[in-house]
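*Asks:* Below you'll find the structure I mean.
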Amino acid sequence: MEIKGRNLVNGLPENVTVNSAEIRDALVEALAKVIDAVKATLEETPPELSADIIDHGITLAGGGALLRGLDKLISRETGMPVYIAEYPLDCVAEGTGKILEKISDYQDALTENIKYY
């Protein structure tokens, strides 16, 4: 695939051809952090929610869900079924909108136990 961007060496716009192996190599470290965060989250998930995850699996949403093979990677690393939301780019915005419509109902969930990985 040909991509366009700025050459960081000379600062000029440039077209570069990249292949899937180069893209994979560029994403390895970031994907390892995603897997670590998913595992840490699963380890800290309360038992009543763990049962739902075991029964229904993990659903990926957002732009990252569109990375080809991410669902299979997470499934392989966690042993859980992983699905991609029907409209992954839309569901994050729609869910946020629903929360904002009734923010007082979600106040506790939005302010307690926030962890950043």
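*Asks:* Tilt of helix 20-44 relative to the longest C-alpha principal axis of the chain, in degrees (0 to 90, nearest 10)?
*Replies:* 20
*Asks:* May I ask you to list the residues of the stretch 56-94 whose amide nitrogen lies under 11 Å from a point 7 Å from Cα along the Cα→beta-carbon direction of residue 106?
*Replies:* 92-94, by backbone N distance to the label point.
*Asks:* According to the square roots a ≥ b ≥ c of the eigenvalues of the Cα gyration tensor, what is the shape class of the chain, taking rounded for a/c under 1.5, prolate for a/b larger than b/c otherwise, and oblate for the remainder?
*Replies:* Details: a/c = 2.25, a/b = 1.63, b/c = 1.38.
Prolate shape, in that a/c is at least 1.5 and a/b is the bigger ratio.
*Asks:* Relative contact order of the chain: what whole-number percent is it, with Cα pairs under 8 angstrom and at least 6 residues apart? Let's see the in-between values first.
*Replies:* Details: 80 pairs, mean separation 19.7, N = 117.
Reported relative contact order: 17 percent.
*Asks:* Could you tell me how many degrees, from 0 to 90 and to the nearest 10, lie between the Cα long axis of helix 88-101 and the main elongation axis, the longest principal axis, of the Cα atoms of the chain?
*Replies:* Between the helix axis and the principal axis of the chain, the angle is about 40 degrees.
*Asks:* While we're looking at this one, here's another question. Using only Cα atoms, find the angle between the long axis of helix 47-56 and the longest principal axis of the chain, and express it within 0 to 90 degrees, rounded to the nearest 10.
*Replies:* 60
Every number in this text was worked out from the coordinates using simple rules, so none of it is lab data. These numbers come from a predicted model, not from an experiment. Neighbour counts run over all protein chains shown; Cβ positions are idealised from the backbone, glycine included.
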